[in-house]
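Notes for the one structure printed next.
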Amino acid sequence: MENTTKENIVNISTSPRSNFDVDPLLVAQLVSFAVIVPLNVLGNVLICWIELSRKVVRSSSLFILNLAISDLAVGLVSIPLDITEILSDQWPFYGFVCKLVYPFQTVLMAVSVITLLCMAIERYRAVVTPFKCKPTSRFIIKVIVVAWAMSFLLVTPYTLILKMKNGKCVEDWPSRDHVRIYTVSVFSVLYLLPLTLITIFYTRIGLYVQMEAQRWKSMVRYYGTSIRQVREIAQSRHRQNTKLIAAFIAAVMVFAVCQLPTHVIWLWHDFDTKSEGEHLDVVMPFCHILTYLNSAIDPFIFGSLNAQLLRKKVRSMFNFQCSKKHSISCLASGNSKYSKGREESSSSAETEMQRLENDIKETNV
């Protein structure tokens, strides 16, 4: 059986460079990463802080928290490891790390798309079947654990075929057919199938919301003002659901746009035997940047849901520092006022004693 060796994303986008050559693609990658990492880390840390500080834990909050954690891992683990690798001509880590880095990056992508699918299912339950048994926080946590376990299980074949060759971490497949099967499987399981299901769920939610709006209009016309208050409560709930659904749909669209180029490029590379990856080293860095950009955009989407709470958290963080300084200055000012007061009271007491002594002398005289 013919073995097929395929270099990884980062290896394809890098090549040996002299000390004086400036690679525009390398510069573009590094500049993009320098922008993405701070946005990713700061944004996702704030989202985690907001969701963890909630007094009432909701299922949507747990899914948003899980997505923020996986995105944060991209900024803290995946991108720094990639930067280290693209600045080196050879694999810069120990050999066993070769079997960990790339599969873990795929795990993070899998967790993200599974979480987005779970969000769609949860919103469908909350909007279309609101009176059915609501899942508990413990159940949602179990779902999240299963999502991570499934993601690690999915990358097991990928882990087994990675190995070191000529100082590079490469994929060593038994044949080209095996590569194609795995690439199609990843595209189907981590992109095509979940996005299709997500589209179906949100389409059904949209149709249901339209039907509900028409039903409430008919009821108001029939019953008049007696049902108007109930309708206002329902509309308030509807606005909250609409805002949350809009954020979830935006996150799905960003995921779809950012991840699609990478899937298309790998499908093209594995099935087009004529080109042999002729332009892959030029196109792939930009696909790579788009993939990581997804993790930096998500915090802005979910931060918009909690804009007021987010401003309050940021303000409290800065106010805490200011209040510490203010307390110290007030304490010092209070001490000085207290000491000054003591001096004034002491001097006034001495004056009063002297006046009394003078009065006594005048009386005796």
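Listing His288, His269, His178, His279 from the residue with the fewest other Cβ atoms within 10 Å to the one with the most, what is the order? Present the calculation step by step, with values, prior to reporting the outcome.
Working: His288 23, His269 20, His178 16, His279 11.
Arranged by neighbour count, lowest to highest, His288, His269, His178, His279 become His279, His178, His269, His288.
Once backbone amide H atoms are built at 1.01 Å from N, Leu162 has Asp172 as its partners under 5 Å, excluding neighbours fewer than 5 places away on the same chain. Taking 30 Å as the limit for the C-alpha separation, the pairs Lys99/Lys134; Lys55/Lys132; Lys55/Lys243; Lys134/Lys243; Lys55/Lys134; Lys142/Lys163 exceed it in the case of Lys99/Lys134; Lys142/Lys163.
Derived value for segment 50-209: Kirkwood hydrodynamic radius 17.9 Å. Basis is the mean of 1/r over every pair of different alpha-carbon atoms.
Dividing the Cα radius of gyration of segment 40-145 by 2.2 N^0.38 Å, with N the residue count, gives 1.33. Summing Cβ point charges (Lys, Arg +1; Asp, Glu -1) relative to the Cα centre of segment 138-197 gives a dipole of roughly 140 debye. Highest average first, the peptides 44-54, 159-169 ordered by how many other beta carbon atoms sit within 10 Å of their residues are 44-54, 159-169.
Taken together, the values in this text are just the output of simple stated rules run on the coordinates, not laboratory data. Bear in mind the structure is a predicted one, so any value in this text is a computation, not a measurement. Cβ atoms come from the backbone with ideal geometry, glycine included; neighbour counts cover every protein chain shown.
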